[in-house]
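See structure below.
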Amino acid sequence: MSSNTALTEQVLLAFGWPKDTRVRVLSGGHINDTYLVNERFVLQRINHFVFPNPGDIMDNMLGVTRFLREKVLARGGDPDREILQIVPTAAGEPMYIDEAGNYWRCTLHIDGTASYETPDSTEMLYEAGRAFGDFQAQLSGYPAGTLHEIIPDFHNTPVRLQQLRDAAKADQKGRLSEVQAELDFALAREERAGLLMGLLKQGALPLRVTHNDTKMSNILFDSETKKAVCVIDLDTVMPGLTAFDFGDSIRAGASTAAEDETDLGKVKFDLELYKAYTRGFLSSAGSALTEKELLTLPDGAWAMTFEVGTRFLADYLNGDVYFRVKHPRQNLDRARNQFHLALQMERQREEMGRIVREAVGK
């Protein structure tokens with residue numbers, strides 16, 4: 001058993017496993033502690049400091065996975081492989097709370113799959129788009145308004161911009177003078193930053209079930225064929241806009257450099273990568289989206305990139321209290337990187353829209 005004292009015999013027994021159960025730590029996650037049990041089960045301790053309401057997370061997961069299982073069965077698929085399967089405790093509960101107040105949940109391990117931090121080809125990026133697009137399409141009939149909001153205003157870009165203003169006003173670490181150019185860049189885009197939330201409030205965009213962490217590593221791929229098999233990490237599933245999920249994938253997947261690359265000459269928005277993901281996403285989700293959703297997908301890519309940039313900048317001003325940093329200026333480097341990427345998207349907005357229209361045959 002792992003030497004991590006958070007995982008006790010009490011937890012193993014709660015799920016019906018003996019104390020000598022074979023357990024090994026799975027690395028890669030940044031928030032929850034994850035273990036592989038008997039090479040068959042994925043056991044996680046939900047970080048209730050990041051997610052203060054684990055019960056809401058599990059309610060959302062149960063509702064969404066049950067709905068998806070019916071969809072997969074209806075089309076003749078394999079729900080045990082294509083959908084996360086929650087394994088209940090020995091008492092039949094969706095999670096277990098130990099004596100120390102830790103929250104534990106278990107899902108079935110999906111054999112013959114692997115996850116990747118970055119795509120190794122445009123074909124893999126297409127597959128990632130197809131997987132997240134299918135997630136959207138299959139859940140298009142789910143009543144999104146019934147889901148718990150796990151993190152309030154998570155992708156509310158105007159709220160994020162106000163948080164940046166607040167951080168600049170407080171200037172807790174005396175860093176404001178060195179970031180004036182970045183702050184001016186962000187504040188000059190206030191109107192554009194409010195576009196998607198404005199359309200939502202007007203009823204021009206529908207509220208959808210969104211994943212809200214659509215990075216490459218949250219997809220399991222078949223180890224042999226490299227075809228996408230299953231979307232995982234459903235902690236942040238909640239109501240949102242399709243453009244959020246699409247945009248967050250593009251932010252990371254269509255950039256030619258890591259988000260903390262300091263040489264901005266290496267940071268480019270790659271239209272070929274964008275095209276590969278867009279084609280994959282819309283091959284699955286295209287028919288489920290409204291005309292307005294399709295038109296605003298490029299705006300989602302810009303908004304998510306810009307929004308993350310404002311969050312990095314605000315955290316730098318606040319003293320790096322949210323994002324982990326390896327050196328004192330990393331959050332500032334990250335902000336400059338994301339704003340540089342957003343600026344390139346602004347300049348290529350028309351071409352981004354053309355690629356979306358082409359992908360749906362319009």
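The values are calculated or read from the model by the stated rules, or taken from the named source; none is laboratory data. Note that the coordinates shown come from a computational prediction; the quantities given were computed from them, not determined experimentally. Positions of Cβ are generated from backbone atoms using ideal geometry, with glycine treated the same way; all protein chains shown enter the neighbour counts. With ligands, DNA and RNA removed, areas are computed over all heavy atoms of the protein, side chains included. Shrake-Rupley method; radii C 1.70, N 1.55, O 1.52, S 1.80 Å.
The order of the peptides 245-255, 117-127, 84-94 by mean Cβ neighbours within 10 Å, most packed first, is 245-255, 117-127, 84-94. Taking a point 7 Å from the Cα of VAL360 along the Cα-to-Cβ direction, the residues of region 269-303 with backbone N closer than 12 Å to it are 282-298.
Between THR146 and GLU178, the contour length at 0.36 nm per residue exceeds the Cα-Cα span by 7.1 nm. From helices alone, the chain scores -14500 deg cm²/dmol at 222 nm; the rule is -39500 (n - 2.57) for each run of n ≥ 4 DSSP H residues, then divide by the residue total. So what's the net charge close to ARG311: Lys and Arg +1, Asp and Glu -1, counting the other residues with Cβ under 15 Å from its Cβ? Net charge in that neighbourhood comes out at -4. Remark: for residue pairs LYS169/LYS215; LYS71/LYS227; LYS215/LYS326; LYS226/LYS326; LYS292/LYS362; LYS227/LYS292, the C-alpha separation exceeds 23 Å in LYS169/LYS215; LYS226/LYS326; LYS227/LYS292.
Where in region 93-135 does the amide nitrogen come within less than 15 Å of the point 7 Å from the Cα of GLU224, taken along Cα to Cβ? Counting backbone N atoms under 15 Å from the label point, the list is 111-114. Against the set (1) 46, 25, 20; (2) 34, 26, 19; (3) 35, 23, 22, the structure's computed semi-axes √(5λ) of the Cα gyration tensor in Å falls on (2).
Nonpolar atom fraction for region 57-100, defined as the carbon and sulfur part of the 1.4 Å probe accessible area, stands at 49 percent. Amide H to amide H distances under 5 Å link THR210 with MET238, GLY240, where only residues 5 or more positions off or on other chains count and H is placed in the peptide plane. Accessible area per residue for the chain is 45 Å², calculated with a 1.4 Å probe on protein heavy atoms, without ligands, DNA or RNA.
In a solvent-free Debye calculation with one equal scatterer on each Cα, what is log10 I(q)/I(0) for region 194-321 at q = 0.21 Å⁻¹, listed in the order of the q values? Scattering profile of region 194-321, log10 relative to I(0): -1.41.
Ranked by the mean number of other Cβ atoms within 10 Å per residue, highest first, peptides 197-210, 143-156 order as 197-210, 143-156. Gain on full extension, evaluated as 0.36 nm per residue between GLN85 and ASP166 minus their Cα-Cα distance, stands at 25.0 nm. Electrostatic bookkeeping for GLY16 treats Lys and Arg as +1 and Asp and Glu as -1; over the other residues with beta carbon under 13 Å from its beta carbon, the sum is 0.
Applying the Karplus relation 6.51 cos²θ - 1.76 cosθ + 1.60 with θ = phi - 60° to region 136-144 yields 3J(HN,Hα) values of 5, 5, 5, 9, 5, x, 7, x, 4 Hz, where x marks Gly and Pro. For region 329-343, the residues whose amide N sits under 17 Å from a probe point set 7 Å from the Cα of LEU271 along the beta carbon direction are 341-343. Here is the list for region 223-272: GluC sites (Glu not before Pro) lying in DSSP coil, each with at most 10 other C-beta atoms within 10 angstrom of its C-beta, are GLU224. To put it simply, the accessible area of region 231-362 at a 1.4 Å probe is 49 percent carbon and sulfur. Ranked by the mean number of other Cβ atoms within 10 Å of their residues, highest first, the peptides 68-76, 212-220 come out as 212-220, 68-76.
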